1. Segment B:130-182: which GluC sites (Glu not before Pro) are DSSP loop and have at most 11 other beta-carbon atoms within 10 angstrom?
2. Explain nothing, just the number: dipole magnitude of the protein assembly as shown about its Cα centre with +1 on each Lys and Arg Cβ and -1 on each Asp and Glu Cβ, in debye rounded to the nearest 20.
3. Might you tell me the accessible area per residue for segment A:144-232, computed with a 1.4 Å probe and given in Å²?
4. Using r as the Cβ-Cβ distance of residue B:135 and residue A:9, and R0 as 22 Å, what FRET efficiency do you calculate, to the nearest 0.05?
5. Kindly sort B:148, B:91 by accessible area of their heavy atoms, largest first, with the probe set to 1.4 Å.
6. Largest first, how would B:314, A:4 line up by accessible area (1.4 Å probe)?
7. Which of B:171, A:195, B:90 sits farthest toward the positive end of the charge dipole of the protein assembly as shown, with +1 on the Cβ of Lys and Arg and -1 on the Cβ of Asp and Glu?
8. Would you work out the charge dipole size for chain A about its Cα centre, treating the Cβ of every Lys and Arg as +1 and the Cβ of every Asp and Glu as -1, and quote it to the nearest 20 debye?
Amino acid sequence: MKRSLPLILAFLVGFVVILSEFIPHRPFNQIVSTLEQWFMIISGFAILLGQISLIRMNTHKIVNKLPDWQYYLAGLISFALMLIFGILWGMQETPGLLGSGEGISSWLGAKPFDYLFTNAYMPLSATLFSLLAFFIASAAYRAFIIRGLESNLLMITAVIVIIGRTSIGTMLTGWLPESMQFWHFPILADFIMEYPNSAAQRAILISAGLGIVGSSLRIILGIERSYLGGEK
Amino acid sequence: MKAGLLIFLIFISWGLYANSFTAMDSPWDDGKAIILNWKLSPMTRNVQIQRITDSENIVTVLNTTLPEGEFVDSALEVNHEHHYRLIAQFDEDTLSLETTATTREQWFYMRKLGFLILLVIVCIAIIYYIQSARRGKEFYIRRIAGLDSMEEAIGRATEKGRPILYVPGISDLDDIQTIASLTILSHLAERSAEYNTELIVPCRFSMVLSAAKEVVKEAYIKAGRPDAYKAENIFYLTDDQFGYVAGIDGIMLREKPAANFFMGSFYAESLILAETGFATGAIQTAGTAQAHQLPFFVVSCDYTLIGEELFAASAYLSKDPQQLGSLKGHDFGKLMVIILIIVGVILEIFGISVLKDFIAGASS
């Protein structure tokens, strides 16, 4: 029963959701949004599980003084600070237990939660995202090393697109006559992105779509059960 | 005499343009739309269409200068009569026309017929191949290097005495890629239990955490090593995208896993994860159906599961004939798509758009 019930539920829900995609009549057209609301409600309760896991894991490492325990302490303190500030004075327009904290807000220029969000969280998040620029450079360097025919083609294509997307591309081939406009770097770059690149991406998307159909069907029919934690 | 003739001609030409304003229920839909059509004299300066509600309130739904056209008024009450008024302004005159229509919800989206037919064909093919596999027929499935390397990755982690890091993507459990990722995690956890290698699974969402814990626990039990299961190794980090990435990067730099697996849905963080993993010298396998992230994974990882390979992974690893049979169904779907593309291109060359319109209707 422990295994059968989830399988029956998966079959019923999967089948009804597929039907609702093609039936605009009530109740089918409301089923997906209702299920999505159910999912949100369950997710809301599940957040508590996440918080418990977070506190338990960090506390375990701090109490046992495991290597780099200071980082986990910093994580827990940050979590507690945001939680306490949010509960006490709320965030944005929402008041907290102690109201909107006009006194502390006028001193900081914003509510404590919003102040930390804007001045601590946002810069940290932006810093991490900006690392992407350097990682792209290092990854591109490795990808463009010429080893064989494929990597050679990749490098030539990439160079055309990079030059075509910058002002230097316009400058380099701007002198070409009208009849040879196709070889103008920006036009060539657009062609590469619009045709070969789109074609390859669509091929991946179509095959992924078929994979999703097959995967969903295996789950709905109960052939694929490993997501429930075990096989048959 | 001339003036009289001119007035007569204007009168005749005016009469030729029989002003009309009609409303009809949008066919084959959820009964929330009405199609409005109007045809007025070319001398029309402005057209305003209003919806008159039951409480006699007037809602202007369209303002245009076009003397002829069609407009779909959507998000209406289902199975309800709706009243409309058209006010047309001419140079020195105003015309008012009224009409009504009742919205009706239907039992089938006709525009999705093409989609339904394709889906049914693919599903029948998959079920057919599954049944064939049940009857004992063996199918050839091409090798997927990324999945074959799983043993190598686990072996390397075992030799080095270092853990394996498994990242189940950054989407919640409502994404099929996350489900596919959890099915792969199940196989990986079983192997890591057999080899007694530590498995670390940081999760972004609580729902994924609960499912991942259950999957890994069952895999350890199945491998006969329930004692080796460490619940604290499957943990929640944060819901925040870059906070999650920072957490995983920290784990990679501190714990130095010998093998990293990035399976599921990834966005801007894919390269940050893969490059950090590359810097630590771990053997890396990634898999996603996000076409825009695939180039980053291909560059930075040793093996990459591209698109459908992610969804085929569980069937491939399980070696279950039924599941392998379903993969043949995918191949049939691909063959069908190839044929449809070729036929579609040929028809379009000859100016016949029937096939394109039939299939494109599903996405409109």
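The values are calculated or read from the model by the stated rules, or taken from the named source; none is laboratory data. Here the structure is a predicted model, which is why all the values come from computation and not from measurement. Backbone-built Cβ (ideal geometry, glycine too); neighbour counts: all protein chains shown. These area figures cover heavy atoms from the full protein model, side chains too; ligands, DNA and RNA do not enter into them. Shrake-Rupley method; radii C 1.70, N 1.55, O 1.52, S 1.80 Å.
1. On the way: sites: B:138, B:151, B:152, B:159; in loops: B:138.
Of the GluC sites (Glu not before Pro), the ones in loops of segment B:130-182 whose Cβ has at most 11 other Cβ atoms within 10 Å are B:138.
2. Taking the Cα centre of the protein assembly as shown as origin, the dipole is about 1840 debye.
3. On the way: 5220 Å² over 89 residues.
It amounts to 59 Å² per residue over segment A:144-232.
4. Details: r = 29 Å, r/R0 = 1.32.
Using R0 = 22 Å, I get an efficiency of 0.15.
5. On the way: B:148 55, B:91 110 Å².
Greatest to least solvent exposure: B:91, B:148.
6. On the way: B:314 0, A:4 55 Å².
Reading off the accessible areas and sorting them downward yields A:4, B:314.
7. B:171
8. On the way: 14 positive and 12 negative charges, 193 e Å.
Its charge dipole is roughly 920 debye.
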